[in-house]
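The values are calculated or read from the model by the stated rules, or taken from the named source; none is laboratory data. Since the model is a prediction, treat every value here as computed from it, not as a measurement. Glycine also receives a Cβ, built like all others from the backbone with ideal geometry; neighbour counts cover every protein chain displayed. Ligands, DNA and RNA are stripped out before the accessible areas are found, and what is left, the full protein with its side chains, is counted by its heavy atoms. Shrake-Rupley method; radii C 1.70, N 1.55, O 1.52, S 1.80 Å.
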Amino acid sequence: MAYAISSKEIKRNIEEKLNRYFGVSFKDASKDQLYKAVSMTVVDILLEEKRQFNIKMKEQKLKRVYYLCMEFLVGRSLKNNLYNLGLVEDYRKVLANYDINLEDLYEMEPDAGLGNGGLGRLAACFMDSLATLNYPAMGFSLRYDYGLFKQKIVDGWQTEMPDIWLPGGEVWLVPRSDRVLKVRFGGWVTENFEDGKLKVEYHDDTVVEAMPYDFLISGADSSTVTTLRLWQSRSISTFDMKSFSQGDYAKAMAKASEAEVITKVLYPSDDHSQGKTLRLKQQYFLVSASIQNIVNDHIKRYGDIRTLPDKAAIHINDTHPALCIPELMRILMDDHGLGWDEAWEIVNKTVAYTNHTVMAEALETWHLDLVLRTLPRIYQILQEINKRFMEQVWKKYPNNWDKAASLSLIMDNHFRMANLSILAGHSVNGVSNLHSEIIKKDTFKDFYEIMPEKFTNVTNGITHRRWVYQSNPRLAALLDETIGHDWYKDASCLKQFRKYENDNQVLERLLSLKEENKVDLSNWLKKKQNVDIDPKTRFDTQVKRLHAYKRQLLNVLKIIELYNILVENPNYDMTPQTYIFGAKAAPGYYHAKEVIELINYISKDISMHPEIKKKLNVVFIEDYCVTSAEKLIPASEISEQISLAGKEASGTSNMKFMINGALTFGTLDGANVEICDAVGRDNIYIFGMTAKEVNNLWRSGYNSLQFYNQSSSLMKIIDRLKKGFAGKNFDNIVNYLLYLGPVADQYMCFADFENYIHVYHMMDNDYRNPKEFARKSLINISEAGIFAGDRSIEEYAKNIWHLEKIK
Ligand code: 26W
């Protein structure tokens, strides 16, 4: 049901915003002003819905989930909100009267890029599902001034520019100066007992203000609005007047900037915990403000802190917000006078944790000294948690130093945040079946042994409304025509599409709509990067963060193999194909940047050889982000998901491609395994080692030369890398691939290469039969329903958070 508002009102509302904020009429307004004015009217609608929602919440007194995450990769909001409110056509008509195209206004909006990749986009998809399914929920994160950097490719090399999103993104943020809180850092603490009660005093600490901004997220056809509260850090004493009067301007500003820097910028790395003070401050700032907020609200609503677990589920999305555990302990004990055991039980019943990575270097740890200096009270509490836990462990496993070492919250003078999260919470989940098994049997096996009841799985999901309905309107229309519109709210209905797997007309439609999407993508790319791609070629896409474990390099090896074949034999009979890459590398990740450079140089080399380009093209999409994903995915035919088995926790772009009818070309890793189960081996291209085989090979010793010496293809590829592309050689990458050493290929590209090429030829063969390929594509769409975020959220709500829907 659409939100009830007349065209007249819409027009009047926009006019009023234009007039009030920009002093212009429809006629004179710039596109940017129009985008902002239109967005402001949408925010007003959301605020009205929010008000109604608050009234219902007050009456129904339901338990809520509070979703804590350092990242929310929201992307654009105007289009999404208009769709969710059912107001697209109404707004379109009003604007058309003034010759304004709604699509042009969408393009004015900067992405809210407050996340690195999968983790952050998942959080954003989940907000959509929570609102759509009418679950009481609130998200908490930081209001970074700069989101994930903008990527500029300069002579093939990634450079980073600040992502200045706020001038255009600010319209979505509702400042809440009525809810400002304070967060303390540094100094030292004393503990005294007064009248048998613990009294903790802080000395020489620095107090920073947390100013909330509410990002309102609408549900699809639902009156529920989910608030994503973003905290901004501010100095309390903004200005040191004395220093200023004495002419010391830098000092006058110093205090303020020290506070403000906390939420200045998102850390651009998702592969490495670097142990930086500022990052620790960011994490504590988020959790301290959020937990205070949660506790204050609870006391206001229910009066008794002891009932917190009945009314609040606190979810920590990966370990980044894990300090909410000692922070909640601190508030319960120091501010509310609870004893340790009572406080610990409340924490345990309230907190749940999702793990999103098993990569050792990404599992966060914090140096004890750093925590002591930055958060002295939190340090004491963490030490106490560990002491009590270790006593239990020692009792259970007397003199077993191995168990003690693997379970302890402290190792090598570092707090281990994953161990803390598992111990303190009541639930730990992985994000795909395979990943959850690896967590139990390998990564955290000693925890699983003593607390198996905590471990569970919730396979990731995506919001199919944004990723199909909004971004692939042609496919959405075909689905509506064939199976009706129910799939929009219930993705399991997509199964009905399977009925058409032998319907020639529907298969034709699928093929032609993909072609039209490919033409759209080609035009967009021409405009964006002045690059030509031929929509008549096969579009084969790999878009994700650049990481050695995701093996973009393996894809490149395949491309070089094809390149070599074409150089040797220009008449080689081959399906014309375009390889599309999009990837940002962490700024300090040199190898990843070299892979980006290699892709760009291959692309350049090919553009100098038109006879090759006709059959084999490579493009690198600069600055891959949510908005470019929305254009790329509906136009893709092959989805490359080729991580080394056992390394990708789930993947979520694999689901987005699948539901848009692309066929997965991948390893048995993360959610690929479940995609394979859903569509059957005939409708997916699986290659490479299983996770078990990977472990065996690694343990027995991977020697790249063994594979190299047996493969003339690999030899030629290495020769080509040495010779170079467009005049540049890639010796570092040769060394990486060939030799075991500090920069050797621990992700074993060579071991999977032969099978990758073998399966490539099978896929290519199938592709030559368009009808058959379209049938496989249809089956992928039909079976994608289980990868809807709505399904994931129903599982979290039922099994982990124990929520009821708002009536
Ligand atoms: C401390 C640095 C850091 C920052 C971010 C370490 C790890 C992260 C994230 C947890 C990495 C991440 O985004 N993981 C991805 O999460 C997705 C959602 O569950 C999964 O689909 C991906 O497989 C996983 O890589």
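Using Cα centres only, tell me the gap between the stretch 586-603 and the stretch 341-397 in whole Å. Cα centres, the stretch 586-603 to the stretch 341-397: 37 Å.
Note on GLU437 and LYS798: the model spin-label points, each 7 Å out from Cα along the C-beta direction, lie 2.3 nm apart. The trypsin sites (Lys or Arg not before Pro) of the stretch 19-76 meeting both criteria, a DSSP state outside H, G, I, E and B (loop) and at most 13 other C-beta atoms within 10 angstrom of the site's C-beta, are LYS27, LYS61. Length gained on full extension, ALA2 to LYS197, computed as 0.36 nm times the residue gap minus the Cα-Cα distance: 64.6 nm.
Considering every alpha-carbon pair of the stretch 693-807, the percent of pairs per 10 Å bin, from zero through the bin containing the longest distance, is 11, 23, 19, 23, 17, 6, 1. Considering only LEU737, ASN765, ALA726, the residue lying farthest towards the positive end of the dipole of the stretch 721-807 is ALA726, judged by Cα position with unit charges set on Cβ. Each residue was assigned an accessible area with a 1.4 Å probe, and for SER223 the value is about 50 Å².
In the chain, the DSSP-assigned H stretches of four residues or longer account for a calculated mean residue ellipticity at 222 nm of -14000 deg cm²/dmol, using -39500 (n - 2.57) per stretch and the full residue count as denominator. Summing +1 for each Lys or Arg and -1 for each Asp or Glu among the other residues whose beta-carbon sits under 11 angstrom from that of VAL679 gives -1. Measuring between alpha carbons in the structure, the pairs from LYS544/LYS631; LYS79/LYS152; LYS604/LYS631 lying more than 19 angstrom apart are LYS79/LYS152; LYS604/LYS631. Among TRP394, TRP231, the sequence by solvent-accessible area, most first, with a 1.4 Å probe is TRP394, TRP231.
Cα centroid separation, the stretch 284-332 to the stretch 92-141: 27 Å.
LYS613: which aspartates and glutamates have alpha carbons under 18 Å from its alpha carbon, excluding same-chain residues fewer than 8 sequence positions away? Hits, sequence-local ones excluded: ASP532, ASP534, ASP540, GLU561, GLU568, ASP573, ASP605, ASP764. Quick one: work out the % antiparallel among DSSP beta bridges in the stretch 339-495, nearest 5. DSSP beta bridges in the stretch 339-495 are roughly 45 percent antiparallel.
Kirkwood analysis of the stretch 559-664, using all unique Cα-Cα pairs, places the hydrodynamic radius at 15.4 Å.
For the pair SER237 and ASP178, label points projected 7 Å from Cα toward Cβ lie 3.1 nm apart.
What the pair-distance distribution of the stretch 1-145 shows, using all Cα-Cα distances binned every 10 Å from zero, is 10, 35, 33, 19, 2 percent.
If only the Cβ of Lys and Arg carry +1 and only the Cβ of Asp and Glu carry -1, the dipole of the stretch 320-399 around its Cα centre is close to 200 debye.
Based only on Cα atoms, what Rg/Rh ratio does the stretch 313-448 have, Rh being taken as Kirkwood's radius? The Rg/Rh ratio comes out at 0.95. The equivalent ellipsoid of the chain has semi-axes of 42, 34, 27 Å, largest first, where each one is the square root of 5 times an eigenvalue of the Cα gyration tensor. The distance between label points at ASN399 and MET359 comes to 4.2 nm (points 7 Å beyond Cα on the Cα→Cβ vector). Taking a spot 7 Å from the Cα of ASN54 along the direction of its beta carbon, which residues of the stretch 210-228 have an amide N less than 19 Å from it? The answer is 211-219, 223-228. Checking the cross-link pairs LYS526/LYS584; LYS454/LYS495; LYS182/LYS807; LYS558/LYS728; LYS311/LYS441 against a 24 Å limit on the alpha carbon distance flags LYS454/LYS495; LYS182/LYS807; LYS311/LYS441 as lying beyond it.
Which order do the peptides 171-183, 84-96, 351-363 take when ranked by the mean count of other beta-carbon atoms within 10 Å per residue, highest first? Each step should come with its number before you reach the end.
Numbers: 171-183: 15.8, 84-96: 18.3, 351-363: 20.1.
By packing density, highest mean first, the sequence is 351-363, 84-96, 171-183.
Count Lys and Arg as plus one, Asp and Glu as minus one, and take only other residues whose Cβ is under 14 Å from that of GLY646; the net charge is then +1.
Applying 1/(1 + (r/R0)^6) with R0 = 45 Å to the Cβ-Cβ distance of LYS445 and LYS31 gives a FRET efficiency near 0.20. Of the listed residues THR443, THR652, the order by accessible area with a 1.4 Å probe, largest first, is THR443, THR652.
Ordering PRO452, VAL94, PHE389 by the projection of their Cα atoms onto the charge dipole of the chain, which places +1 on the Cβ of Lys and Arg and -1 on the Cβ of Asp and Glu, puts VAL94 at the extreme positive end.
Each of VAL24, GLN60, SER6 was placed along the dipole of the stretch 1-75 (beta-carbon charges, centred on the mean Cα), and the one lying farthest toward the positive end is GLN60. Relative to the Cα centre, the charge distribution of the chain, modelled as +1 at Lys and Arg Cβ and -1 at Asp and Glu Cβ, gives a dipole magnitude of about 660 debye. Looking at the chain alone, DSSP beta bridges between its own residues are antiparallel in about 45 percent of cases. I need the calculated FRET efficiency for the pair LEU705 and ILE565, taking r as the beta carbon distance and R₀ as 41 Å, to the nearest 0.05. For R0 = 41 Å, the calculated efficiency reads 0.95.
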